[in-house]
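The values are calculated or read from the model by the stated rules, or taken from the named source; none is laboratory data. For clarity, every value in this text was computed on a predicted model and none was experimentally measured. No Cβ is skipped: glycine too gets one built from the backbone with ideal geometry, and neighbour counts run over all protein chains shown.
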């Protein structure tokens with residue numbers, strides 16, 4: 001179930017370099033937190049619930065689809081912040097999709113992953129700490145959400161005391177210890193077809209969560225692939241439904257646990 005390197009959800013692969021760009025204009029602003037560029041989306045006037053969502057991006061980094069999702073969490077009442085741990089170097093600058101060899105013919109995807117994973121592993125905890133000190137208050141509750149590359153940072157936070165609940169969609173870079181160590185509620189939004197998080201690995205992850213009596217919920221969509229929650233085809237009614245249901249499910253999870 002784990003691969004040769006011990007992964008259940010394998011490192012981002014070619015399936016992560018695929019998808020559609022959605023229409024819309026992100027409305028947030030940018031600042032620097034802990035030395036990392038950060039996108040901030042504020043809740044609409046009168047809708048703020050006083051809590052904060054920490055958003056950990058997929059390999060596409062700061063792109064329209066992801067930023068619109070950040071805005072959607074803000075629309076649900078959460079001050080939402082996302083960090084650019086790719087430092088202006090998302091994967092789409094090198095490949096338009098998995099078949100593209102012309103945008104950057106010398107692109108080394110494996111080296112790119114090592115470079116940015118090394119930075120993100122070090123920078124993300126510092127960023128979370130500074131977000132809490134700058135934007136949180138005595139009564140502030142925190143949730144975290146990660147897509148693909150961002151999934152392990154969700155699990156890392158759920159292993160500590162900083163956040164009340166977390167969620168990820170179509171995860172990557174996860175090992176058994178990520179599931180063993182979570183001690184806060186975890187929402188898993190997954191696809192039936194996912195070469196990064198295949199069925200045996202997904203079932204092993206659930207076995208770990210169940211056997212250790214963790215609090216979790218598995219949301220599983222048929223007939224969609226890795227990237228469904230961010231890069232689906234919005235002209236396809238079912239793909240639109242799946243993307244929207246994933247978001248609604250995660251928001252409802254946060255709405256349930258943060259007031260407790």
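Observations on the model:
- Residue ID - modelled with the highest pLDDT, chosen from residues in the stretch 3-14 that are out of contact with any helix residue (DSSP H, G or I) (no Cβ under 7 Å at 6 or more places or on another chain) and either assigned to a loop (DSSP other than H, G, I, E, B) or surrounded by fewer than 19 Cβ atoms within 10 Å (Cβ to Cβ) (or both): 6
- Subset of the stretch 233-260 [within 19 Å of residue 58 (Cα to Cα), surrounded by fewer than 24 Cβ atoms within 10 Å (Cβ to Cβ), touching a residue at least 60 places away in the same chain (Cβ under 8 Å) and under 16 Å from the mean Cα position of the chain (by Cα)]: 247, 249, 251
- Test: residue 68 is modelled with pLDDT of 95 or more and in contact with a helix residue (DSSP H, G or I) (Cβ under 9 Å, 6 or more places away or on another chain): no
- Failed condition for residue 196, given (1) under 28 Å from residue 112 (Cβ atoms); (2) in contact (Cβ under 8 Å) with a residue 40 or more places away in the chain; (3) buried (at least 24 other Cβ atoms within 10 Å of the Cβ); (4) under 13 Å from the mean Cα position of the chain (by Cα): (4)
- All of 86, 73 fail the test of being modelled with pLDDT of 95 or more, surrounded by 18 or more Cβ atoms within 10 Å (Cβ to Cβ) and touching a strand residue (DSSP E or B) at 6+ places or on another chain (Cβ under 7 Å), apart from 73.
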